[in-house]
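> Have a look at this one before I ask anything.
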Amino acid sequence: MVQEFSFGKGMQRLHQVGAAVKDFDATERFYQEVLGAQYLARFEPPGLLFFQFAGVRLVFEAGNKPANLYFWVDDIDAEYARLIAAGVEFAAPPAIIHKDDLGTFGPVGNAEWMAFFSDPGGNTLALATQK
């Protein structure tokens with residue numbers, strides 16, 4: 001198990017992550033209907049779209065640089081199959097990215113698995129888990 005970390009200096013947790021958006025309607029549909037994100041708000045102007053995932057807010061803004069977003073899943077094979085059925089195109093099926101022989105990221109011997117895909121804004125997304 002990964003140890004809890006105390007930020008110090010008053011920081012409590014990661015609050016918001018920014019990502020790129022090209023088409024607000026397509027991004028809104030993708031995150032809400034395909035990924036199941038909690039929709040929060042859309043402001044036009046200035047062109048901001050907000051969602052929430054497990055307490056971390058995602059803000060999409062035109063002109064932002066593309067982000068890499070890694071989504072933890074308990075069953076990567078089931079989520080991969082669900083997203084394939086929803087029309088998501090993956091770069092490759094779930095695969096081992098790292099075998100943790102030292103226990104740096106969890107129990108010794110666990111392997112980190114990921115499967116990568118993209119959203120309508122060109123952000124790189126990944127399903128991630130440990131087995």
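No value in this document is a laboratory result; all are computed from the given coordinates. What you see is a predicted model, and the numbers here were worked out from it, not measured in a lab. So basically every Cβ, Gly included, is an ideal-geometry build from the backbone, and we count neighbours across all protein chains shown.
> Which of the lysines could a cross-linker bridge to Lys22, judged by Cα under 22 Å and excluding same-chain residues fewer than eight apart?
Hits, sequence-local ones excluded: Lys65.
> Taking Cα centroids, how far is the stretch 20-86 from the stretch 97-131 in Å?
What the calculation gives is 19 Å, centre to centre.
> Still on this structure: Once phi is turned into ³J(HN,Hα) by the Karplus curve 6.51 cos²θ - 1.76 cosθ + 1.60 with θ = phi - 60°, what whole-Hz value does each residue of the stretch 104-114 show in order, with x for glycine and proline?
Along the stretch 104-114, the couplings run 5, 10, x, x, 4, x, 5, 10, 8, 10, 9 Hz.
> If amide hydrogens are placed 1.01 Å from N in the peptide plane, which non-local residues have theirs closer than 5 Å to the one on Gly106?
Placed amide hydrogens put nothing under 5 Å from Gly106.
> Please list, in chain and number order, the residues 5+ apart from Ala111 or on another chain whose amide H is under 5 Å from its amide H, with Hs placed from the backbone.
Distant-sequence amide H within range of Ala111: Asp100, Lys131.
> May I ask for the angle, rounded to the nearest 10°, between helix 76-85 and the longest principal axis of the chain, with both axes built from Cα atoms and the value confined to 0 to 90°?
30
> Tell me, Tyr31, Tyr80, Tyr39 in order of fewest to most beta-carbon neighbours within 10 Å? Let's see the in-between values first.
Values: Tyr31 24, Tyr80 19, Tyr39 13.
Fewest-to-most ranking of Tyr31, Tyr80, Tyr39: Tyr39, Tyr80, Tyr31.
> Under a straight-distance cross-link criterion of Cα-Cα below 25 Å, which lysines are reachable from Lys131, leaving out those fewer than 8 residues away in the same chain?
Lys131 reaches Lys99.
> Can I ask one more? Could the peptides 11-20, 121-130 be put in order, highest first, of the mean number of other beta-carbon atoms found within 10 Å of their residues? Don't jump to the answer; show the numbers that get you there.
Numbers: 11-20: 12.3, 121-130: 18.9.
Taking the mean over residues of other Cβ atoms within 10 Å, the ranking is 121-130, 11-20.
> Read phi for every residue in the stretch 26-33 and hand back ³J(HN,Hα) as whole Hz from Karplus 6.51 cos²θ - 1.76 cosθ + 1.60, θ = phi - 60°, with x for Gly and Pro.
For the stretch 26-33, the Karplus curve yields 5, 5, 4, 4, 4, 6, 7, 7 Hz.
> Considering amide H positions built from the backbone, and no H for Pro or chain starts, which residues 5 or more places from Gly121, or on another chain, come under 5 Å of its amide H?
Result for Gly121 returns Lys22.
> Mind listing which GluC sites (Glu not before Pro) in the stretch 76-122 are in a DSSP loop and have 11 or fewer other Cβ atoms within 10 Å?
On the way: sites: Glu79, Glu89, Glu112; in loops: Glu89.
Those satisfying the criteria are Glu89.
> Given N residues in the chain, what is its alpha carbon radius of gyration divided by 2.2 N^0.38 Å? Show your work: numbers first, answer last.
Details: Rg = 16.2 Å, N = 131, 2.2 N^0.38 = 14.0 Å.
That ratio works out to 1.16.
> Still on this model: Phe71 label point, 7 Å along Cα→Cβ, cut-off 11 Å on backbone N: hits in the stretch 89-128?
117-119, 125-128
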